[in-house]
Amino acid sequence: MIEKIKASNLKKGHIIDFDNELFEIRDISHVKPGKGRAYFQVEMKSFTGHRKLDRRFGTDDVFNKAIIEEKILRFDYYMNGVYNFFCDTTNEVYEIRNNEQNDKNKKKHNLFDFLQDDVNISAFFYDDNFINFKFRDDVVFEVKEAASYTKGQTAAASYKNAVLSNDVKVSVPTYINSGDKIIIDPYSGDFKEKYKGN
């Protein structure tokens, strides 16, 4: 669903269809120069990718505001290139493909790499089409393999290679060992902290 919106009505969090792509407004400021017309300086980030834009818009510029539907889904299983999710509220099954999977230009990790059985996600749909998702809770994985510590390294500042239980390779601090559980930032694949739970 789309509705029209003027630049003067844009707010943080709004999602607009710009340059044939969905962008989330991250920051917006009204600028009144000494000469010339006032304008809006807008920072936005792609809702489905990794592009960031900084654009200047006139006060009367009009955009398509995208209405995004959010659904809470639980990851069930993966089979033949399809990730299957279940909605506990409606008992509906959703089959979602990872469009980045065969992209040679993709970043090192993507969100699908960090899905685990029964994890809940917020899935976003636009015109009934899946566009993206985010994790609702911390992403915790066990370290399956960790490189040995090298003497002379500063423990607080040095990192080493490790392999998680999902076979994803990450960098972890030198004090992390095989068998430890850690919290991962799924959006970057970076180590956040050692997991303190069971």
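Just so you know, all these numbers are worked out from the coordinates, no wet-lab data involved. From a predicted model like this one, the values you see are computed outputs, not experimental measurements. Here the Cβ positions follow ideal geometry from the backbone for every residue, glycine too, while neighbour counts run over all protein chains shown.
If the chain linking Lys192 and Asp127 were pulled fully straight, counting 0.36 nm for each residue of separation and taking away their Cα-Cα distance, it would gain 19.9 nm.
Pairs of Cα atoms nearer than 8 Å and 6+ residues apart set the relative contact order; for the chain it is 14 percent. The gain in end-to-end length when the Arg55 to Asp185 segment is fully stretched comes to 44.0 nm, 0.36 nm per residue minus the alpha carbon separation.
Structural descriptor for region 2-66: relative contact order 41 percent, calculated from alpha carbon pairs under 8 angstrom and at least 6 residues apart. If R0 is taken as 25 Å, the Cβ-Cβ distance between Cys87 and Asp138 corresponds to a FRET efficiency of 0.70. Computed over the Cα atoms of the chain, pair by distinct pair, the Kirkwood hydrodynamic radius stands at 19.7 angstrom.
Given a Förster distance of 35 angstrom, what is the FRET efficiency for Arg74 paired with Asp19, based on the Cβ-Cβ distance and rounded to 0.05?
According to the calculation, E is roughly 0.55.
Of the cross-linked pairs Lys12/Lys181; Lys12/Lys169; Lys52/Lys160; Lys11/Lys134; Lys71/Lys194, those separated by over 27 Å at the C-alpha level are Lys12/Lys181; Lys12/Lys169; Lys52/Lys160; Lys71/Lys194. With contacts taken as Cα pairs under 8 Å at a separation of at least 6 residues, region 139-194 carries a relative contact order of 38 percent. A simple spin-label model places the labels of Thr48 and Ile67 1.9 nm from each other, with each point 7 Å out along Cα-to-Cβ. Could you name the aspartates and glutamates in cross-link range of Lys6, using Cα to Cα under 14 Å and dropping any fewer than eight places away on the same chain? Reachable aspartates and glutamates: Asp17, Asp60, Asp61.
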